[in-house]
1. Checking the conditions here, which among A:26, A:22 is more than 26 Å from residue B:112 (Cα to Cα) and surrounded by 12 or more Cβ atoms within 10 Å (Cβ to Cβ)?
2. Using the structure shown, decide if residue A:38 is farther than 30 Å from residue B:49 by Cβ and within 14 Å of another protein chain (Cβ to nearest Cβ).
3. So which residues in segment B:29-49 are within 18 Å of residue B:110 (Cα to Cα) and either out of contact with any strand residue (DSSP E or B) (no Cβ under 9 Å at 6 or more places or on another chain) or loosely packed, with under 14 Cβ neighbours inside 10 Å (or both), if there are any at all?
4. For segment B:50-63, check the following and say yes or no: at least one residue is in contact with a helix residue (DSSP H, G or I) (Cβ under 8 Å, 6 or more places away or on another chain), at pLDDT below 95 and exposed (fewer than 15 other Cβ atoms within 10 Å of the Cβ).
5. So is residue A:62 under 30 Å from residue B:10 (Cα atoms) and surrounded by 14 or more Cβ atoms within 10 Å (Cβ to Cβ) or not?
6. Just to be sure before I move on: is residue A:71 within 13 Å of another protein chain (Cβ to nearest Cβ) and in contact with a strand residue (DSSP E or B) (Cβ under 8 Å, 6 or more places away or on another chain) in the structure I sent?
7. Give me a count of the residues in segment A:74-111 that are in a loop (DSSP other than H, G, I, E, B) and either out of contact with any helix residue (DSSP H, G or I) (no Cβ under 9 Å at 6 or more places or on another chain) or within 14 Å of chain B (Cβ to nearest Cβ) (or both).
């Protein structure tokens, strides 16, 4: 069966450090992968998109990698700040133009 | 929230009653989606639409129906609500699906919290 796995445990990290989140998937062959941020009580907000032929993508303090051989994406927040505290979701395109989302990984940045 | 509104924002209803949730967009985007989000399950696609009167089922469509008579409105109906449909419902829109372009991103509404007693 198809699965998208993100760590269910919250990541607690000291301000200024780099937070790294993992998204693993099985039985998908996505043309691209996206990362979203979700704050409590709000809808997800798009952050980054990376294509299957791209190894790495950056946006300000965010960096995403995509390894189609390992079926894995890593999401990095460098120089983390308390405002980065949120839940981060990975999403894969599949089937007829649909996105499948992981369950999300919570990040807590400690001042 | 990218010109997306959902109504109502909160609703409490009783088992067996019909419920309709509305998603309204001002972006003129072609694609619209309904998701539910539950602890331990994440976001799951209920139904989606790829144009006026064009809809298709998602992974958890049982017990739900949708309609899209205008580009800007996408309605989700629970014909006879059950307690298992207690959830937070999100609507999303997308400009187009073009595999790996910036227009593939989905923009989400603020959500509707539905409680079925």
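The values are calculated or read from the model by the stated rules, or taken from the named source; none is laboratory data. Note that the structure is a prediction, hence the values are computed from the model and not measured. Cβ sites come from the backbone with ideal geometry, for glycine too, and all protein chains shown count toward neighbours.
1. Exactly one of A:26, A:22 is more than 26 Å from residue B:112 (Cα to Cα) and surrounded by 12 or more Cβ atoms within 10 Å (Cβ to Cβ), namely A:22.
2. Against the criterion (farther than 30 Å from residue B:49 by Cβ and within 14 Å of another protein chain (Cβ to nearest Cβ)), residue A:38 does not qualify.
3. B:39
4. The answer is no, given that none of the residues of segment B:50-63 is in contact with a helix residue (DSSP H, G or I) (Cβ under 8 Å, 6 or more places away or on another chain), at pLDDT below 95 and exposed (fewer than 15 other Cβ atoms within 10 Å of the Cβ).
5. So residue A:62 fails the test.
6. no
7. Summing the residues that are in a loop (DSSP other than H, G, I, E, B) and either out of contact with any helix residue (DSSP H, G or I) (no Cβ under 9 Å at 6 or more places or on another chain) or within 14 Å of chain B (Cβ to nearest Cβ) (or both) in segment A:74-111 gives 11.
Yes/no matrix, rows are residues, columns are (1) surrounded by fewer than 17 Cβ atoms within 10 Å (Cβ to Cβ); (2) at positive phi:
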residue: B:3; (1), (2): yes, yes
residue: B:18; (1), (2): yes, no
residue: B:79; (1), (2): yes, no
residue: B:109; (1), (2): no, no
residue: B:114; (1), (2): no, no
